[in-house]
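Here is the structure we will look at, set down as structure tokens.
Values quoted throughout were computed directly from the atomic coordinates according to the rules given, and no laboratory measurement underlies them. Source: prediction; values computed, not measured. Here Cβ is always computed from backbone atoms with ideal geometry, including for glycine, and neighbour counts include all displayed protein chains.
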Amino acid sequence: MTDDETQRVYAEKALDYEKLQPDDPFPSLRAFIARLPEGAEVLDLGCGPGHDSQHMARAGLRVDALDASPEMIRLANARPGVTARLGTFDDLDAQDRYDGIWAAFSLLHAPRDAIPRHLAAIARALRPGGVLGLMLKEGTGEARDRLGRFYTYYAEPELRALLAEAGLTVDGLSRGEGRGLDGSPSQWISVAAHA
């Protein structure tokens, strides 16, 4: 994420965002963890305040956490078992390193024209057979929420095509609804895929 307005919102609202995160992991995160052996090396791409990273570390995974917000990195690094570092999606340059990559509600802040590049980097960073857990807001177009955060929305056919183009195979897909930091209800889509 490099959008200045989105960065500003997360800087100002980091503690509020942290309080929104559930204590129990999303079912999609539980399924992602269950697909990986204990000790697997994973990347939490866009880790935010580190809730999901902490759940993965508690499950015995070795977690590399990355986020573009210095405020989120501070919150993530305060969690037991989590070591987070500052970086953007474009800083993902690993090759065959991770058994799994978790990207929950992070890549939705990237512009649509950047997604093929980011998904290709994810595919390169995964070991053969490596698992991707991806959660995005469902819909069409690009917009800003009431707080000013930039979003790109995806419909299932487009998302499937983008993942296939990057060399990732979809294993499962689910949907849900929730309220985010701005309080507005939104539909989301969760995809499990592998390299």
At most 10 other Cβ atoms within 10 Å and a DSSP loop assignment: could you name the GluC sites (Glu not before Pro) in segment 1-51 that fit? E38
Note to self, the chain gives a 222 nm [θ] from helices alone (DSSP H runs n ≥ 4, -39500 (n - 2.57) apiece, / all residues, nearest 500) of -9500 deg cm²/dmol
Charge dipole of the chain about the Cα centre (unit charges at C-beta), most positive-ward option of Q95, P111, V42: V42
In nm², the average projected area of the convex hull spanned by the Cα atoms of the chain is 9.3 nm²
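Kindly work out what percent of the DSSP beta bridges joining two residues of segment 4-194 are antiparallel, to the nearest 5. Walk me through the intermediate numbers first.
Working: 20 of 38 bridges.
Beta bridges within segment 4-194, antiparallel portion: roughly 55 percent.
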